[in-house]
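Report on the following structure.
The values are calculated or read from the model by the stated rules, or taken from the named source; none is laboratory data. Source: prediction; values computed, not measured. A quick note on method: Cβ atoms are made from the backbone with ideal geometry, for glycine too, and the neighbour counts reach across all protein chains shown.
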Amino acid sequence: MLILCLFGLLGVPANLRGAETATRRVFIIPIREGIEPPLVYLVRRGVKEAMDAKADLIVLDMKTNGGRVDVTEEIIDILKNFKGETVTYVNDRAFSAGAFISVATQKIYMAPESVIGAAAPIMMAPGGTGVQDLPSTVEAKMNSGIRALVRREAQKNGYNIDVIEAMIDKNKELIIDGKTLNKKGDILTLTNIEAEEKYGNPPKPLLSSGTVSSIDNLLEELGYSNAQRTVIKSTGVEKVGSWINAISPLLLMIGIIGIYIEIKTPGVILPGVVAVCAFVLYFLGGYIAGLSGMEWIIVFVIGLALVFSELFLHPGTILPGLVGFLLILVSLVMAMVDMYPGTPSLPSLPQLKLPLQNLTIALTCSLVIAAILARFLPKTPMFRTLVSQGASGVTSVVELEQQQASHLGQIGVAVSNLRPGGKAKFGEQLLDVITQGEMISKGQPVRILRYSGSEAVVESAG
């Protein structure tokens with residue numbers, strides 16, 4: 001007891017309390033300009049960093065005229081992953097989608113002379129040259145959906161639902177304590193003074209918890225003045241990432257077709273280079289979006305190496321190719337799965353929906369294109385040029401045709417199961433072969449009938 005008293009006289013407990021406060025973490029995420037896809041990446045990165053750091057508070061530093069509803073909904077869903085305290089600081093304005101996002105945080109504070117509201121949905125004119133009226137049916141449908149979304153967040157965070165709906169629906173009249181705050185036909189927009197005015201019994205602020213002049217004053221008001229502060233800054237690549245991810249199915253398709261052509265024309269190199277570039281961009285898009293780390297590109301490379309090992313080094317072993325193919329699929333899906341620190345390591349079905357959809361589109365299109373290429377590419381001058389330049393030991397189309405003609409009638413052994421394609425060995429030469437439809441087991445003798453492009457068409461010689 002004596003020691004505790006001495007500590008009290010020396011002021012040590014206050015210092016200890018200050019040290020404890022200093023260990024608290026605050027993350028500040030700026031919401032600036034239009035609420036468009038690049039902002040999703042910034043918010044996602046900020047929330048994940050805050051979760052990694054076990055932060056106590058996230059502050060949205062808001063100054064926006066609004067933006068897209070779909071992007072707004074995505075940002076709201078991202079914020080739900082953070083289990084600490086969330087606050088919006090309306091730093092000048094929070095119009096439209098900005099007001100929606102503000103309601104998704106637990107408290108709203110506003111700067112002097114700031115405004116919030118005007119959240120009715122609008123439709124941009126073609127070319128982004130201005131705003132045009134929504135058709136009545138479209139307006140009713142959008143209002144219904146948006147009101148449900150924002151009402152859910154307002155209920156969760158204790159805001160007055162009537163106030164929020166008056167910001168969305170111009171047909172909503174808002175009367176509180178006998179005072180008309182919004183007339184029918186108007187869209188509610190509040191100044192900081194109006195938003196913090198108290199109504200009801202017991203009195204409660206209309207929307208804002210108070211007016212503060214700066215982020216510093218806000219943190220002092222919330223009891224975080226000595227907390228460690230991290231400001232999430234835009235890296236400038238978020239916009240690039242949004243472009244990349246918009247074409248992610250196309251990048252996957254280019255990568256798959258590039259590998260297919262490289263396998264069919266070994267040594268040509270160019271299709272392989274194009275494929276590698278497409279896959280690198282695909283994984284880079286996921287990394288910029290804050291969806292995954294670069295670890296999945298390592299998994300992809302390992303899978304690709306196993307597949308090539310099966311095709312060219314150990315044909316017929318099956319297991320390396322199968323494992324490699326599975327690793328490739330897993331890496332392509334997981335590179336676009338939105339995972340958060342502290343959440344289950346296995347993704348849920350909703351998390352897998354978009355990546356699987358993109359992969360399905362890419363694989364389907366790739367199979368169609370591969371079938372077309374297999375049928376028509378060998379007959380094109382481009383294919384002959386590529387093969388004549390890339391085939392080992394073959395310097396002209398004439399030599400290639402002569403070499404293939406010399407193989408006709410040769411008998412070899414299938415070194416992999418032909419279902420119907422695979423590998424067969426003729427003397428010391430390993431060839432890509434395909435049957436006429438029948439299945440031939442590994443180790444069975446086969447005879448070359450003709451060539452289809454670069455593949456030898458074979459039949460059973462047993």
Taking ALA99, is it within 27 Å of ASN160 (Cβ to Cβ) and either in a loop (DSSP other than H, G, I, E, B) or assigned by TED's automatic domain parsing to the domain that holds TYR159 (or both)?
yes
Filter result (within 25 Å of PHE376 (Cβ to Cβ) and in contact with a Leu (Cβ under 6 Å, 6 or more places away or on another chain)) within the stretch 425-458
THR435, ILE448, ALA456, VAL457
Output the residues belonging to the stretch 422-444 that are under 10 Å from VAL458 (Cβ atoms) and in a strand (DSSP E or B).
GLY422, ALA424, PHE426, LEU431, VAL433, ILE434, THR435, ILE440
Would it be correct to say that GLY342 is part of a loop (DSSP other than H, G, I, E, B) and of a type in the set (Gly, Ala, Ser)?
yes
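For the stretch 76-106, give me each residue that is within 11 Å of SER208 (Cα to Cα) and buried (at least 20 other Cβ atoms within 10 Å of the Cβ).
Within the stretch 76-106, VAL87, THR88, TYR89, VAL90, SER102, VAL103 meet the criteria.
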Hey, any hits in the stretch 322-335 for a residue that's in a helix (DSSP H, G or I) and over 24 Å from SER248 (Cβ atoms)?
yes
Whether any residue in the stretch 62-74 is more than 17 Å from the chain's Cα centre (by Cα) and among the β-branched types (Val, Ile, Thr) is what I want to check.
yes
Of the residues in the stretch 42-93, those that are in a loop (DSSP other than H, G, I, E, B) and without any contact (Cβ under 8 Å) to a residue 60 or more places away in the chain come to LYS54, ARG68, LYS80, PHE82, LYS83, GLY84
Answer yes or no as to whether LEU291 is crowded, with 19+ Cβ neighbours inside 10 Å and at pLDDT below 85.
yes
